[in-house]
Amino acid sequence: MRVLALRFDERVRRDVSRFDQLVEPAQERGSVLREPASEPDIARAEERLGVRLPASYRWFLLVSDGAYASALGAELVTEHDLRHGLLSVSELQRTVDGDEIGVRVWCGDLAEPYDPADDISHPPAPGAPEHVGDYRPYQDGLLITHIFNGSERLALVPRPGAAEWELWDFHWEGAYAHASFADFLEWFVTRSDERPRPEHADLYVESFLSGRSFTLGLLAEVGDPRAVELGRARLQAGSEDTRIPAVLGQMGDPDSIPVLRETYGRSERWAMRAAALGALMRLGADDAAELLAQAASDDDADLRRWATWKLGRT
């Protein structure tokens, strides 16, 4: 398990964008893993929860007491400070206590459409997660991550007659079951690497210009200066895509400041104005603080709220 946990840590950190930062504790440790839990820590949690933790998860806790990461990757420094990482052993909760809404929805309100006959009849095979059909076993599970965005979370779910508990990975559309916690880690570290690659830069440009998909962020990720050129041109053409100012702010070119100022003054959408102002702040525009103060008393209530919240964080 130690080797698998270290592989998980390496993969999570490798996947972090060059524009993002790990949360401060992970930065300080140089790892998303934490200090190990002790056997007494685990025993106290088992007594509190009334269960014996499954073997592979128990071994993980003895390597790292939770983690600053989950199925969503690493926990990052963000404006909203929302967490999704693996809980420490002292934070573990039964699903009926830690996810009352989820239990009510998946095991009650939405239980009827799911026929138990459609459910997986055996634990999913290692390396082959399966979509959950009958969610009612979730009410006997353990919540092992923070709940992110109202839906994403990981839970350990017992199956009658099975020594290991399944790991359920929840999203808006439902959950996928892994054979065990260890199987989930193995799946995570061996999944396909979809990071953007410099050799694909021309394809990213072509796709963006054709309107097939928004690939400007991928172009920025590989450090291609065309991300700045294309982003500025699209804003000058009147685009209201809030992702473009974000990319220009990330790229850090102060020559983008004039077009971002123009966008901020021109747009009638509060979200676009907020995105442009956020980019101006990131680029260190000399009038960014003044614009933010003005936005805090703007006629648009949404922009006012955003600016007031932003002022409270600076």
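The values are calculated or read from the model by the stated rules, or taken from the named source; none is laboratory data. Computed from a predicted structure; not experimentally measured. All Cβ positions, even for glycine, are placed from backbone atoms using ideal geometry, and neighbour counts span all protein chains on display.
Yes or no: F208 surrounded by 15 or more Cβ atoms within 10 Å (Cβ to Cβ), touching a Ser or Thr at 6+ places or on another chain (Cβ under 6 Å) and without any contact (Cβ under 8 Å) to a residue 60 or more places away in the chain? The answer is yes for F208. The lone criterion from (1) within 27 Å of L216 (Cβ to Cβ); (2) without any contact (Cβ under 8 Å) to a residue 40 or more places away in the chain; (3) in contact with a strand residue (DSSP E or B) (Cβ under 7 Å, 6 or more places away or on another chain) left unmet by D81 is number (3).
Quickly run through segment 121-160 and pick out the residues that are aliphatic (A, V, I, L, M) and surrounded by fewer than 17 Cβ atoms within 10 Å (Cβ to Cβ). Residues satisfying the conditions are A125, A128. Among the residues of segment 274-314, just one is β-branched (V, I, T) and either modelled with pLDDT of 95 or more or surrounded by 13 or more Cβ atoms within 10 Å (Cβ to Cβ) (or both), namely T308. It is to be established whether one or more residues within segment 176-184 are of a type in the set (S, T, Y), farther than 16 Å from H131 by Cα and touching a helix residue (DSSP H, G or I) at 6+ places or on another chain (Cβ under 9 Å). The answer is no, given that none of the residues of segment 176-184 is of a type in the set (S, T, Y), farther than 16 Å from H131 by Cα and touching a helix residue (DSSP H, G or I) at 6+ places or on another chain (Cβ under 9 Å). F60 - would you say it is surrounded by 18 or more Cβ atoms within 10 Å (Cβ to Cβ), assigned by TED's automatic domain parsing to the domain that holds L156 and not small (G, A, S)? When the stated conditions are applied, F60 passes them. Just name the residue that is farthest from G66 (Cα to Cα) out of those in segment 23-37 that are in a loop (DSSP other than H, G, I, E, B) and touching a Leu at 6+ places or on another chain (Cβ under 8 Å). That would be V23. Residue check: F214 meets all listed conditions (1) under 19 Å from E79 (Cβ atoms); (2) aromatic (F, W, Y); (3) part of a loop (DSSP other than H, G, I, E, B) but one, namely (1).
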